[in-house]
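Single-structure report; data block below.
Readers should treat all values here as calculations from the given coordinates under stated rules, not as data from a laboratory. Here the structure is a predicted model, which is why all the values come from computation and not from measurement.
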Amino acid sequence: MKAPKDKRTKAYKDWKANFDKENTTGLGDVVESITKATGIKKIVDTVFDKAGKDCGCDKRKEKLNKIRMRFSAVRCMTKEQYDWMTEFNELNPPTIDRNQIKEIRNIYLQIFARDIGRPSCCVEPYINDINRIYETYQN
């Protein structure tokens, strides 16, 4: 049996081929940014420079960068979504109806570019994620 012809465009295929690479970060880069932010890197560099030795940070970073970590892009919330979340948070309902679940799903999908599927009742984790973004708008 012959495989079906792939009808996707070249631009899409190129985008898809590079998607994982563009949306991941090596663990070594993450560790380095944390050690720089906390001042640990400066201390280590100073100590090892005075001792005249190599700390091995570059080799460690290179090895750790083989472990790729995926981060989802967070998009901005629209004014309509912000207004809807303001009203929703003021209601603080004990139960959530289907229309509210549908809107929560749409907001979550737009902000985090991930679909939560068809949640029936357990949308609290998604609301919490949305509210973290919502609170940044308030500040």
Review point. What does segment 79-138 give for Rg and for Dmax, in Å, if only its C-alpha atoms count?
Key: 10.7, 29
**Study point:** Estimated vicinal HN-Hα couplings, Hz - segment 82-89 in sequence order (Karplus 6.51, -1.76, 1.60; Gly, Pro = x)
**Key:** 4, 4, 5, 5, 4, 4, 4, 5
Review point. What is the set of long-range amide H partners of G26 at a cut-off below 5 Å, with H atoms built 1.01 Å from backbone N?
Key: M69
